[in-house]
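A single structure is presented below for examination.
The values are calculated or read from the model by the stated rules, or taken from the named source; none is laboratory data. What you are looking at is a predicted structure, and each value in this text was computed from that prediction instead of being measured. With ideal geometry, Cβ positions are generated from the backbone for all residues, glycine too; neighbour counts draw on all protein chains shown. Heavy atoms of the whole protein, side chains included, go into the accessibility calculation; ligands, DNA and RNA do not. Shrake-Rupley method; radii C 1.70, N 1.55, O 1.52, S 1.80 Å.
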Amino acid sequence: MKRLLIAVPYFWLLALFLVPFLIVFKISLSDVALARPPYFPQWQFEEGWSALTDYLRALDFENFWFLSTDDLYWKAYLSSLRIAVVATFFTLLVGFPIAYGMARAPLEWRPTLMMLVILPFWTSFLIRVYAWIGILSGEGYLNQFLMWLGVIQDPLIILNTNVAVYIGIVYTYLPFMILPIYSALEKLDESLLEAAEDLGCSRFTAFWLVTFPLSKQGIIAGCFLVFIPTIGEFVIPSLLGGSSTLMIGKVLWEEFFNNRDWPVASAVAVVLLLILIIPIILFQRNEQKNREAEG
Amino acid sequence: MMGAGLFLSVIFSGDVMASVAANQVFAPWNDPKETPLIEFRGVTKRFGDFTAIDDLSINIYEKEFFALLGPSGCGKTTMMRMLAGFETPTEGEIILAGQDIAPVPPNKRAVNMMFQSYALFPHLSIEDNIAFGLKREGMPKNDIADRVAEMLRLTRLEKFARRKPHQISGGQKQRVALARSLAKAPKLLLLDEPLGALDKKLRQDTQFELMDIQEKTGTTFVIVTHDQEEAMTVASRVAVMDHGKLMQVATPDRLYENPENVYVADFIGDVNLIEGTARKTGEGSYEINWCERTPPLKSTSDTVLSSGQGCTIAIRPEKVSISSEKPEEADNAVQGKIIDIAYLGNLSTYHVKLANGQMVKAQTANTRRISRRSFTWDDDVWLSWTATAGVLLKG
Ligand SMILES: Nc1ncnc2c1ncn2[C@@H]1O[C@H](COP(=O)(O)OP(=O)(O)OP(=O)(O)O)[C@@H](O)[C@H]1O
Ligand SMILES: [Mg+2]
């Protein structure tokens, strides 16, 4: 019975992660073809074992080799990483004060505040990103507002730049940053800060020596939760970014649907996954450490 | 309840009595020329419409070991927190070393507090917790290490120096909290139930350590405790509080022997309370009518009562003698039946019911083996005490 219970998550992992991954990996080893599906070789069960060995012989790492020769790809990976790092940093910058304010708010307010943070999830992500076009475009609300204030004379060009991408990412992923930090800060015992002050800390040093280290796990968790999906982000750069915005998610999309080069697109996806595995493992470690510290 | 009576009689008979007597020499509160280190002047603290501290005035002197005693929720922690700077008085002022401390933030006060909840930093090891305050002072590294080692030794935590707070027991945490507050050697140390989680042996040892530290460093201690024995053992003076009000401040022996009101008499140790009306018979001597069919009780008193005034005699059980025959020369003698006997090893407490239903406790030392005890359940016995044995209280 116990084994069965343990088997459930493994089965889950197998069905929803490992099998799709293997399929994608297999495609990444094939060659592009004008066919349906658009790659070669193919193998059906009824063809039997001898066909299988032929099939396996036809597979190669050519596509991965191709990725390394065309600098578009590694530039896109690097650019994605850079955008993800910068965006994560800004999300933290915005998210931490919000989480801190929530954790310090009167107890009866907290559920409402929490609700407000989660509320955006009730509408479609796509619609919310679209809404930003209306805000950021040349004649969008932001520019109208700033010109009405007289801060600027000519509209700012924000839409279709990396700035818009950052704004979109920070906005979209903010709750993922806020929630883990909030849950760390909420657990923080007020008397610890009093003790720190009692022992000679100013408010600020007490924050730095007590609040910050005790919310570190939450900060790390929040950063990973933003960073990991941001690297492969596709919707935000294609809607808000411009032609100069280079992100691997966008490249992947173009390979699949514009070029119909499934094998190369699959290779891009496999490499992306390999890149993501590092932060995912680090994230899991952090969570593990978190649990140990609590238990 | 039984236990309280037991230890108090032990304290006031044994060698601890000597230390109490020695403390008598140190009595700045009797010296009008002394200026107190801490002065509470009509301090009131309200949380919303709840009054936690009610018009409290207290003087605490330098080098005192001042104990706050009182039931849960009476405002002990609140008083401490006002001294440490985490609460401000709603009314009145607190003077520390001649200065109103209201505008001084906690980190600028020469006061350290040991929190009732310990408030150990969970992300720091035990030694780093202890070193925390020293580092803020900018003490040189070597000195910090020495001081931390000294504190670890004092609280017997050497083995746990590298552990994190969640890896040690409750009593050990309490000792870390104590060590951390002691480390900075502040002028005023506030200890909020510092020893509650320790076993008896360790608690006694730590009590003596505290007294020792106090003697060596001259630090002023204010200590909150639920444990009367502890308050009596360590304190130069004890304040008994109830519902945010001060009931009495006195040395432990005076508190026990001369309670000023029924609350204190009842709160400290074990006591018999007999209510009646006073009749003045001479200078400082009274007769108390307490029951219609029995002769009045005689008692001397420092408190001046008018004839016909309601009063209560408070008599400690160990001052009541028990006998089978009516004692000839006793000032007061009453008859009753033994309802219950509490055997406490070295002592026995007899619960005697008088004719009018009043219960009176009498305590005797067990100098003989239990099998040869003179009284048993349902025996009719006489209880007697002298006119000076009891304390006469108003109300
Ligand atoms: N921040 C606060 N808000 C409202 N009421 C409070 C607050 N702090 C304390 N009180 C109330 O003030 C009263 C005194 O509290 P305090 O903590 O001083 O009690 P205490 O004497 O230390 O009790 P214990 O022995 O249980 O620790 C209690 O009734 C408590 O509920
Ligand atoms: Mg308390």
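Between the stretch A:28-69 and the stretch A:201-231, what is the C-alpha centre distance in whole Å?
Going from one Cα centre to the other spans 47 Å.
When only alpha-carbon atoms count, how far does the stretch B:268-395 stretch along each of its three principal axes, as whole angstroms with the largest first?
Over the stretch B:268-395, Cα extents along the principal axes are 48, 30, 25 Å.
On to the next question. Per residue, how much accessible area does the stretch A:71-294 show when a 1.4 Å probe rolls over the protein heavy atoms, in square angstrom?
On the way: 11420 Å² over 224 residues.
That works out to 51 Å² per residue.
If you rank B:Ser348, A:Ser238 by how much accessible surface each has, with a 1.4 Å probe, what is the order from largest down? List each step's numbers first, then the result.
On the way: B:Ser348 0, A:Ser238 50 Å².
The ranking, largest first, comes out as A:Ser238, B:Ser348.
Just counting partner chain Cβ atoms within 10 Å, what average do the residues of peptide A:178-191 show around their Cβ?
Values: counts 0, 0, 0, 0, 0, 0, 0, 0, 0, 1, 1, 7, 2, 8.
For this peptide, the per-residue mean of nearby foreign Cβ atoms is 1.
So how exposed is A:Phe204, as accessible area in Å² (1.4 Å probe, rounded to 10)?
In the full protein context, A:Phe204 sits at about 150 Å².
Who wins for biggest fluctuation among A:Trp262, A:Trp65, A:Trp122 in a Gaussian network model of chain A, springs between alpha carbons below 10 Å?
A:Trp122
Run the quick spin-label model on B:Glu91 and B:Ala145: label points 7 Å from Cα toward the beta carbon, then report their separation in nm to one decimal.
Result: 5.6 nm between the two label points.
Sticking with this one: What net charge is computed for the residues neighbouring A:Asn259, neighbours being all others with C-beta under 15 Å from the C-beta of A:Asn259, Lys and Arg scored +1, Asp and Glu -1? Working shown, then result.
Details: positive: A:Lys250, A:Arg260; negative: A:Asp31, A:Asp70, A:Glu254, A:Glu255, A:Asp261.
Surrounding charge for A:Asn259 is -3.
Let me ask something else about it. Across 10 Å bins from 0, what is the distribution of all Cα-Cα pair distances for the protein assembly as shown, in whole percents?
The percentages, shortest bin first, are 3, 11, 15, 15, 13, 12, 10, 7, 6, 5, 3, 1, 0.
What FRET efficiency would be calculated for the residue pair A:Phe89, A:Ser238, taking the C-beta separation as r and a Förster radius of 30 Å, to the nearest 0.05?
Values: r = 23 Å, r/R0 = 0.75.
Between A:Phe89 and A:Ser238 the formula returns 0.85.
Across chain A, how large is the tail of the calculated P(r) beyond 33 Å, expressed as a percent of all Cα pairs?
On the way: 18246 of 43365 pairs.
So the portion of pairs separated by more than 33 Å is 42 percent.
Ok, one more. Helix-only estimate, please: 222 nm mean residue ellipticity of chain A, summing -39500 (n - 2.57) across DSSP H runs of length 4 or more and dividing by its residues, to the nearest 500. The partial results should precede the final answer.
Details: 15 runs with 209 residues, N = 295.
The helix-only estimate for chain A comes to -23000 deg cm²/dmol at 222 nm.
Still on this structure: Quote the accessible area belonging to B:Arg368 in square angstrom, nearest 10, computed with a 1.4 Å probe and with ligands, DNA and RNA left uncounted.
150
Average partner chain C-beta neighbours within 10 Å, per residue of B:79-90?
Average neighbour count from other chains, rounded to a whole number: 1.
Rounded to the nearest 10 Å², what accessible area does B:Arg203 have for a 1.4 Å probe in the complete protein model?
50
Now a separate question. Please work out whether the stretch A:78-215 counts as rounded, prolate or oblate from its C-alpha gyration tensor, where a ≥ b ≥ c are the square roots of the eigenvalues and a/c under 1.5 means rounded, while otherwise a/b larger than b/c means prolate and anything else oblate?
The shape class here is prolate.
Here's another thing I want to ask about it. Can you pull the percent of chain B's accessible area that's carbon plus sulfur, 1.4 Å probe, other chains left in place? All intermediate terms of the calculation are to be shown ahead of the outcome.
Values: 8850 of 18230 Å².
Percent of accessible area from carbon and sulfur atoms in chain B: 49.
Next up: Test of understanding: what is the full-extension gain from B:Asp212 to B:Arg153, defined as 0.36 nm times their sequence separation minus their Cα-Cα distance? Show your work: numbers first, answer last.
Working: separation 59, 0.36 × 59 = 21.24 nm, distance 1.45 nm.
Net length gain for the segment: 19.8 nm.
What do you reckon, how do B:Trp382, A:Trp109 stack up by accessible area (1.4 Å probe), largest on top?
Numbers: B:Trp382 50, A:Trp109 150 Å².
Result of the area sort, largest leading: A:Trp109, B:Trp382.
Each residue of the stretch A:18-32 in order: what ³J(HN,Hα) in whole Hz does its phi give by Karplus 6.51 cos²θ - 1.76 cosθ + 1.60, θ = phi - 60°, with x for Gly and Pro?
Computed from phi, the couplings for the stretch A:18-32 are 5, 5, x, 5, 5, 4, 4, 4, 4, 5, 5, 8, 8, 10, 6 Hz.
Output the residues of the stretch B:136-152 meeting this criterion: accessible area (heavy atoms, 1.4 Å probe) in the chain alone minus accessible area with all protein chains in place is 30 Å² or greater.
Residues meeting the cut-off: B:Arg136.
For the pairs B:Lys280/B:Lys394; B:Lys63/B:Lys200; B:Lys45/B:Lys76; A:Lys187/B:Lys159, note any where the Cα-Cα span goes beyond 18 Å.
On the way: B:Lys280/B:Lys394 14 Å; B:Lys63/B:Lys200 26 Å; B:Lys45/B:Lys76 12 Å; A:Lys187/B:Lys159 29 Å.
Going by Cα-Cα distance, B:Lys63/B:Lys200; A:Lys187/B:Lys159 fall outside the 18 Å limit.
³J(HN,Hα) across the stretch B:68-74 via Karplus (A = 6.51, B = -1.76, C = 1.60, θ = phi - 60°), whole Hz, x for Gly/Pro?
Couplings: 9, 10, x, x, 4, x, 7 Hz.
Now a separate question. Test of understanding: in a Gaussian network model of chain B with alpha carbons linked when under 10 Å, which of B:Ser307, B:Ser321, B:Ser299 would top the mean-square fluctuation ranking?
Answer for the Gaussian network model of chain B: B:Ser307.
Right, here's the next one. Chains A and B: how much accessible area gets covered up at their contact, both sides added, probe 1.4 Å, in Å² to the nearest hundred? Mind showing how you got there, number by number?
Working: alone 18140 and 19030 Å², together 35510 Å².
The contact between B and A buries close to 1700 Å².
Sticking with this structure for a sec: Rounding to the nearest 20 debye, state how big the charge dipole of the stretch A:1-59 is about its Cα centre with +1 on each Lys and Arg Cβ and -1 on each Asp and Glu Cβ. Walk me through the numbers on the way to the answer.
Details: 5 positive and 4 negative charges, 76 e Å.
I would put it at about 360 debye.
Say each of A:Leu22 and B:His351 gets a label point 7 Å from the Cα, pointing the same way as Cα to Cβ; how far apart are those two points in nm?
Here the answer is 7.8 nm between the modelled labels.
A further question follows. When Rg is the radius of gyration of the Cα atoms in the stretch A:1-59 and Rh is its Kirkwood radius, what does Rg/Rh come to? Show your work: numbers first, answer last.
Working: Rg = 15.9 Å, Rh = 13.6 Å.
For the stretch A:1-59, the value is 1.16.
For the stretch B:24-65 and the stretch B:264-338, write down the distance between their C-alpha centroids in whole Å.
Cα centroid to Cα centroid, the span is 34 Å.
How far apart, in nm, are two points set 7 Å out from the Cα along the Cα-to-Cβ line at A:Ile278 and at A:Leu5?
3.8
Whole-Hz ³J(HN,Hα) for each residue in the stretch B:278-290, computed from phi via Karplus 6.51 cos²θ - 1.76 cosθ + 1.60 with θ = phi - 60°, x for glycine and proline: what do you get?
After applying 6.51 cos²θ - 1.76 cosθ + 1.60, I find 8, 9, 6, 10, x, 5, x, 10, 9, 10, 10, 7, 10 Hz.
While we're here: What's the average, rounded to a whole number, of partner chain beta-carbon atoms within 10 Å of each residue's beta-carbon in A:201-213? Mind dumping the intermediate values first?
Working: counts 6, 5, 3, 0, 2, 3, 0, 0, 6, 6, 0, 1, 4.
Averaged over the peptide's residues, the number is 3.
Which FRET efficiency value, to the nearest 0.05, is calculated for B:Asp340 and B:Glu283 with the Förster distance at 41 angstrom and r the Cβ-Cβ distance? Walk me through the intermediate numbers first.
Details: r = 39 Å, r/R0 = 0.96.
Result of the calculation: an efficiency of 0.55.
Could you state, as a whole-number percent, how many of the C-alpha pairs of chain B are farther apart than 38 Å?
Numbers: 23878 of 77815 pairs.
Counting pairs separated by more than 38 Å, the tail of P(r) holds 31 percent.
At 1.4 Å probe size, with every protein chain present, just tell me what the per residue accessible area of chain B comes to in Å².
Values: 18230 Å² over 395 residues.
That works out to 46 Å² per residue.
If you don't mind, another one. For chain B, modelled as a Gaussian network with Cα springs under 10 Å, which listed residue fluctuates most, B:Thr294, B:Thr155, B:Thr206?
Between B:Thr294, B:Thr155, B:Thr206, it is B:Thr294 that shows the largest mean-square fluctuation.
Carbon and sulfur: what percent of the stretch A:71-294's accessible surface (1.4 Å probe)?
Working: 7970 of 11420 Å².
Answer for the stretch A:71-294 is 70 percent, counting heavy atoms of protein chains only.
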